[in-house]
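Report on the structure given below.
The values are calculated or read from the model by the stated rules, or taken from the named source; none is laboratory data. The structure presented is a predicted model; accordingly, all values stated were derived computationally and were not measured. A quick note on method: Cβ atoms are made from the backbone with ideal geometry, for glycine too, and the neighbour counts reach across all protein chains shown.
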Amino acid sequence: MKPTALVAGNWKMNGLAASRSELEALAVLLKGGAKAACNVLICPPYTLISTFAEMNTDGIAVGAQDCHTGVSGAHTGDISAQMLRDAGAKYIIVGHSERRADHAESSSLVCEKACAVHSEGLRAIICVGETEAERDAGNTLAVVLEQLAISVPEEASPENTIIAYEPVWAIGTGRTPTVDDVAEVHTAIRQALEERFGAEGTGFAILYGGSVKPSNAKELMSAPNVNGALVGGASLKATDFNGIIDAYR
Ligand code: PGA
(Lines give C-alpha, C1' and ligand atoms only; values in the text may rest on other atoms or scores of the structure.)
Protein backbone atom coordinates (compact mmCIF):
# COMPACT_ATOMS: atom_id res chain seq x y z
CA MET A 1 0.00 0.00 0.00
CA LYS A 2 1.31 3.42 -0.90
CA PRO A 3 0.88 6.15 1.73
CA THR A 4 -1.32 9.13 0.90
CA ALA A 5 0.77 12.26 1.29
CA LEU A 6 -0.34 14.91 3.76
CA VAL A 7 0.73 18.53 4.14
CA ALA A 8 -0.38 19.62 7.60
CA GLY A 9 -0.20 23.07 9.17
CA ASN A 10 0.25 23.37 12.93
CA TRP A 11 -0.70 26.90 13.92
CA LYS A 12 0.37 26.36 17.55
CA MET A 13 -0.77 29.23 19.81
CA ASN A 14 -1.50 31.58 16.91
CA GLY A 15 -4.73 32.74 15.33
CA LEU A 16 -7.73 34.92 16.14
CA ALA A 17 -11.18 35.18 14.60
CA ALA A 18 -9.69 37.41 11.89
CA SER A 19 -7.56 34.45 10.74
CA ARG A 20 -10.60 33.16 8.86
CA SER A 21 -9.30 35.30 6.02
CA GLU A 22 -6.08 33.26 5.89
CA LEU A 23 -8.04 30.02 5.51
CA GLU A 24 -10.18 31.64 2.83
CA ALA A 25 -7.04 32.78 1.03
CA LEU A 26 -5.62 29.26 1.15
CA ALA A 27 -8.85 27.85 -0.27
CA VAL A 28 -8.65 30.31 -3.16
CA LEU A 29 -5.04 29.34 -3.87
CA LEU A 30 -5.87 25.62 -3.78
CA LYS A 31 -8.80 26.09 -6.11
CA GLY A 32 -6.85 28.24 -8.51
CA GLY A 33 -3.73 26.04 -8.69
CA ALA A 34 -3.07 22.65 -10.21
CA LYS A 35 -4.51 19.82 -8.11
CA ALA A 36 -1.97 18.69 -5.53
CA ALA A 37 -1.35 14.96 -4.97
CA CYS A 38 -1.70 15.29 -1.19
CA ASN A 39 -4.27 15.89 1.51
CA VAL A 40 -4.21 19.31 3.14
CA LEU A 41 -4.84 19.92 6.84
CA ILE A 42 -4.84 22.95 9.12
CA CYS A 43 -4.65 22.50 12.91
CA PRO A 44 -5.58 25.88 14.39
CA PRO A 45 -5.88 26.55 18.13
CA TYR A 46 -8.96 24.97 19.78
CA THR A 47 -10.82 28.30 19.69
CA LEU A 48 -10.92 28.26 15.88
CA ILE A 49 -11.69 24.61 15.16
CA SER A 50 -15.46 24.89 14.90
CA THR A 51 -15.21 28.22 13.05
CA PHE A 52 -12.86 26.71 10.47
CA ALA A 53 -14.85 23.47 10.23
CA GLU A 54 -18.06 25.41 9.64
CA MET A 55 -16.38 27.29 6.80
CA ASN A 56 -16.44 23.87 5.13
CA THR A 57 -13.51 24.80 2.96
CA ASP A 58 -13.16 22.55 -0.05
CA GLY A 59 -10.03 20.40 0.17
CA ILE A 60 -8.83 21.61 3.59
CA ALA A 61 -9.41 19.35 6.59
CA VAL A 62 -9.37 20.80 10.11
CA GLY A 63 -7.54 19.21 13.03
CA ALA A 64 -6.40 19.81 16.60
CA GLN A 65 -2.98 20.02 18.24
CA ASP A 66 -3.53 17.84 21.32
CA CYS A 67 -6.24 16.14 23.39
CA HIS A 68 -6.79 14.58 26.80
CA THR A 69 -6.78 10.80 27.23
CA GLY A 70 -10.32 10.74 28.64
CA VAL A 71 -13.72 11.38 27.10
CA SER A 72 -15.14 13.78 29.71
CA GLY A 73 -14.90 14.58 33.41
CA ALA A 74 -13.20 16.72 36.02
CA HIS A 75 -10.14 17.92 34.07
CA THR A 76 -10.16 21.69 34.17
CA GLY A 77 -8.82 23.23 31.00
CA ASP A 78 -8.52 19.98 29.08
CA ILE A 79 -10.26 19.00 25.85
CA SER A 80 -11.23 15.48 24.79
CA ALA A 81 -11.00 13.88 21.39
CA GLN A 82 -14.78 13.48 21.47
CA MET A 83 -15.19 17.26 21.90
CA LEU A 84 -12.77 17.88 19.06
CA ARG A 85 -14.63 15.48 16.79
CA ASP A 86 -17.84 17.25 17.76
CA ALA A 87 -16.23 20.59 16.81
CA GLY A 88 -15.28 19.25 13.38
CA ALA A 89 -11.69 18.00 13.80
CA LYS A 90 -10.68 15.06 11.62
CA TYR A 91 -7.09 14.70 12.85
CA ILE A 92 -5.39 15.30 16.19
CA ILE A 93 -1.64 15.84 16.66
CA VAL A 94 -0.28 14.02 19.73
CA GLY A 95 3.20 14.01 21.24
CA HIS A 96 4.45 17.21 19.63
CA SER A 97 7.86 18.00 21.12
CA GLU A 98 6.50 21.24 22.59
CA ARG A 99 3.93 19.17 24.52
CA ARG A 100 6.58 16.65 25.51
CA ALA A 101 8.85 19.48 26.76
CA ASP A 102 6.36 22.04 28.17
CA HIS A 103 4.00 19.51 29.75
CA ALA A 104 6.37 16.62 30.46
CA GLU A 105 4.38 14.28 28.22
CA SER A 106 5.89 10.79 28.06
CA SER A 107 5.63 8.40 25.14
CA SER A 108 3.26 6.19 27.13
CA LEU A 109 0.93 9.16 27.69
CA VAL A 110 1.18 9.97 23.98
CA CYS A 111 0.14 6.37 23.25
CA GLU A 112 -2.93 6.78 25.48
CA LYS A 113 -3.80 10.01 23.70
CA ALA A 114 -3.47 8.30 20.31
CA CYS A 115 -5.88 5.60 21.54
CA ALA A 116 -8.33 8.33 22.58
CA VAL A 117 -8.08 9.80 19.08
CA HIS A 118 -8.72 6.41 17.50
CA SER A 119 -11.70 5.74 19.77
CA GLU A 120 -13.41 8.72 18.14
CA GLY A 121 -12.66 7.46 14.65
CA LEU A 122 -10.18 10.29 14.08
CA ARG A 123 -6.62 10.18 12.75
CA ALA A 124 -3.70 10.62 15.12
CA ILE A 125 -0.56 12.41 13.95
CA ILE A 126 2.06 11.01 16.33
CA CYS A 127 5.24 13.10 16.60
CA VAL A 128 8.72 11.82 17.37
CA GLY A 129 12.12 13.49 17.20
CA GLU A 130 15.50 13.90 18.87
CA THR A 131 16.98 16.94 20.62
CA GLU A 132 20.20 18.49 19.44
CA ALA A 133 22.13 16.92 22.34
CA GLU A 134 20.74 13.50 21.43
CA ARG A 135 21.78 13.96 17.79
CA ASP A 136 25.25 15.18 18.79
CA ALA A 137 25.66 12.11 20.99
CA GLY A 138 24.84 9.87 18.01
CA ASN A 139 21.57 8.70 19.56
CA THR A 140 19.10 9.95 16.95
CA LEU A 141 17.85 6.58 15.71
CA ALA A 142 17.73 5.03 19.18
CA VAL A 143 15.70 7.94 20.56
CA VAL A 144 13.31 8.17 17.62
CA LEU A 145 12.71 4.43 17.42
CA GLU A 146 12.07 4.17 21.15
CA GLN A 147 9.56 7.04 21.02
CA LEU A 148 7.93 5.36 18.03
CA ALA A 149 7.70 1.93 19.68
CA ILE A 150 6.05 3.32 22.83
CA SER A 151 3.93 6.14 21.36
CA VAL A 152 2.27 4.18 18.56
CA PRO A 153 -0.56 2.00 19.90
CA GLU A 154 -1.20 -1.60 18.91
CA GLU A 155 -4.36 -0.78 16.94
CA ALA A 156 -2.60 1.78 14.75
CA SER A 157 -3.12 1.41 11.02
CA PRO A 158 -2.30 3.51 7.96
CA GLU A 159 -5.93 4.68 8.00
CA ASN A 160 -5.92 6.03 11.56
CA THR A 161 -2.28 6.98 12.16
CA ILE A 162 0.30 9.26 10.61
CA ILE A 163 3.84 9.55 11.93
CA ALA A 164 5.66 12.90 12.01
CA TYR A 165 9.43 12.98 12.38
CA GLU A 166 10.37 16.36 13.80
CA PRO A 167 13.95 16.90 15.00
CA VAL A 168 13.47 19.21 18.00
CA TRP A 169 16.45 21.37 17.01
CA ALA A 170 14.93 22.05 13.59
CA ILE A 171 11.59 23.33 14.90
CA GLY A 172 11.20 27.07 14.50
CA THR A 173 14.96 27.55 14.07
CA GLY A 174 15.31 27.79 10.29
CA ARG A 175 17.76 24.88 10.46
CA THR A 176 16.99 21.58 8.76
CA PRO A 177 18.76 18.24 8.60
CA THR A 178 20.31 17.28 5.28
CA VAL A 179 18.09 15.32 2.94
CA ASP A 180 20.29 12.28 3.62
CA ASP A 181 19.76 12.65 7.36
CA VAL A 182 15.99 12.93 6.86
CA ALA A 183 16.02 9.89 4.57
CA GLU A 184 18.01 7.87 7.12
CA VAL A 185 15.51 8.50 9.91
CA HIS A 186 12.42 8.06 7.73
CA THR A 187 13.75 4.79 6.36
CA ALA A 188 14.46 3.55 9.90
CA ILE A 189 10.90 4.51 10.91
CA ARG A 190 9.51 2.68 7.87
CA GLN A 191 11.50 -0.45 8.71
CA ALA A 192 10.30 -0.37 12.32
CA LEU A 193 6.69 -0.02 11.16
CA GLU A 194 7.09 -2.93 8.74
CA GLU A 195 8.65 -5.09 11.45
CA ARG A 196 5.79 -4.34 13.79
CA PHE A 197 2.78 -4.14 11.46
CA GLY A 198 3.92 -6.36 8.58
CA ALA A 199 2.80 -5.37 5.08
CA GLU A 200 0.56 -2.63 6.57
CA GLY A 201 3.72 -0.88 7.72
CA THR A 202 4.37 0.25 4.16
CA GLY A 203 1.15 2.27 4.15
CA PHE A 204 1.71 4.71 7.02
CA ALA A 205 2.41 8.27 5.91
CA ILE A 206 5.61 9.58 7.54
CA LEU A 207 5.76 13.37 7.59
CA TYR A 208 8.86 15.47 8.04
CA GLY A 209 8.57 18.59 10.22
CA GLY A 210 10.96 21.32 11.29
CA SER A 211 11.56 24.57 9.38
CA VAL A 212 9.83 23.40 6.21
CA LYS A 213 9.31 26.35 3.87
CA PRO A 214 8.56 26.85 0.18
CA SER A 215 12.27 26.99 -0.70
CA ASN A 216 13.18 23.61 0.84
CA ALA A 217 9.90 21.68 0.63
CA LYS A 218 10.43 20.06 -2.75
CA GLU A 219 13.85 18.70 -1.84
CA LEU A 220 12.76 17.44 1.59
CA MET A 221 9.55 15.90 0.23
CA SER A 222 11.48 14.03 -2.46
CA ALA A 223 13.53 12.07 0.11
CA PRO A 224 12.74 8.35 0.35
CA ASN A 225 9.91 7.54 2.77
CA VAL A 226 8.92 11.18 3.22
CA ASN A 227 5.17 11.38 2.64
CA GLY A 228 4.41 14.97 3.48
CA ALA A 229 5.17 17.75 5.92
CA LEU A 230 4.11 19.03 9.32
CA VAL A 231 4.57 22.77 9.09
CA GLY A 232 4.58 25.35 11.88
CA GLY A 233 5.60 28.92 11.09
CA ALA A 234 5.20 28.70 7.33
CA SER A 235 1.62 27.41 7.66
CA LEU A 236 0.40 30.72 9.10
CA LYS A 237 0.50 32.50 5.75
CA ALA A 238 -1.61 31.04 2.96
CA THR A 239 0.93 31.93 0.27
CA ASP A 240 3.81 30.23 2.12
CA PHE A 241 1.77 27.15 2.92
CA ASN A 242 0.59 26.92 -0.67
CA GLY A 243 4.24 27.19 -1.74
CA ILE A 244 4.95 24.07 0.33
CA ILE A 245 1.96 22.25 -1.16
CA ASP A 246 3.57 23.03 -4.54
CA ALA A 247 5.96 20.16 -3.77
CA TYR A 248 3.03 17.86 -4.62
CA ARG A 249 1.95 19.61 -7.83
P1 PGA B 1 8.23 24.93 12.23
O2 PGA B 1 7.42 23.99 13.23
O3 PGA B 1 7.76 24.60 10.84
O4 PGA B 1 7.87 26.34 12.64
O5 PGA B 1 9.68 24.62 12.40
C6 PGA B 1 7.15 22.64 12.91
C7 PGA B 1 6.34 21.99 14.00
O8 PGA B 1 6.59 22.25 15.18
O9 PGA B 1 5.41 21.22 13.72
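Structure notes:
- For V71, the conditions (1) among the β-branched types (V, I, T); (2) surrounded by fewer than 18 Cβ atoms within 10 Å (Cβ to Cβ); (3) under 21 Å from L148 (Cβ atoms) are fulfilled apart from (3).
- Taking the conditions (1) on the phi < 0 side of the Ramachandran plot; (2) in a helix (DSSP H, G or I) in turn, G198 satisfies each one other than (1).
- Set side by side, the residues G59, G32, G9 differ, and just one is in contact with a Ser or Thr (Cβ under 7 Å, 6 or more places away or on another chain) and among the small types (G, A, S), which is G9.
For every residue, the table says whether it meets (1) in contact with a strand residue (DSSP E or B) (Cβ under 9 Å, 6 or more places away or on another chain); (2) closer than 14 Å to N10 by Cβ; (3) not charged (D, E, K, R).
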{"site": "A36", "(1), (2), (3)": "yes, no, yes"}
{"site": "N56", "(1), (2), (3)": "no, no, yes"}
{"site": "A89", "(1), (2), (3)": "yes, yes, yes"}
{"site": "S97", "(1), (2), (3)": "yes, yes, yes"}
{"site": "A116", "(1), (2), (3)": "yes, no, yes"}
{"site": "R123", "(1), (2), (3)": "yes, no, no"}
{"site": "T131", "(1), (2), (3)": "no, no, yes"}
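- Boolean, E22 is in a helix (DSSP H, G or I) and within 21 Å of the chain's Cα centre (by Cα): yes
- Residue within region 162-184 that is more than 16 Å from the ligand (Cβ to nearest atom), in contact (Cβ under 8 Å) with a residue 24 or more places away in the chain and buried (at least 23 other Cβ atoms within 10 Å of the Cβ) present: no
- Residues in region 45-78 that are over 13 Å from the mean Cα position of the chain (by Cα), closer than 27 Å to L26 by Cα and outside any helix (DSSP H, G or I): P45, N56, T57, D58, G59, I60, C67.
Condition check ((1) touching an Asp or Glu at 6+ places or on another chain (Cβ under 6 Å); (2) within 16 Å of the ligand (Cβ to nearest atom); (3) under 19 Å from A124 (Cβ atoms)) across all residues:
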position	(1), (2), (3)
K35	no, no, no
L41	no, yes, yes
G59	no, no, no
K90	no, no, yes
H96	no, yes, yes
R99	yes, yes, yes
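- Within region 221-249, the set of residues being within 13 Å of the chain's Cα centre (by Cα), away from the ligand (no atom under 15 Å from the Cβ) and hydrophobic (A, V, I, L, M, F, W, C) is empty.
- Condition check for L109: assigned to a helix (DSSP H, G or I), under 16 Å from P45 (Cβ atoms) and more than 16 Å from the ligand (Cβ to nearest atom): no
- Applying the criterion of being part of a helix (DSSP H, G or I) and not hydroxyl-bearing (S, T, Y) to the residues of region 85-106, the residue that is surrounded by the most Cβ atoms within 10 Å (Cβ to Cβ) is R100.
- When residues of region 195-215 are limited to those that are within 15 Å of the ligand (Cβ to nearest atom) and surrounded by fewer than 19 Cβ atoms within 10 Å (Cβ to Cβ), the one farthest from A25 (Cα to Cα): S215
- L109 satisfies every condition listed in (1) without any contact (Cβ under 8 Å) to a residue 40 or more places away in the chain; (2) over 26 Å from L220 (Cα atoms) except (1).
- Of all the numbered requirements in (1) over 19 Å from C43 (Cα atoms); (2) within 15 Å of the ligand (Cβ to nearest atom), K218 misses one, and that requirement is (2).
- Filter pass, I42 being in a helix (DSSP H, G or I), modelled with pLDDT of 95 or more and among the β-branched types (V, I, T): no
- In the set (1) within 30 Å of S21 (Cα to Cα); (2) outside any helix (DSSP H, G or I), the condition left unmet by P177 is number (1).
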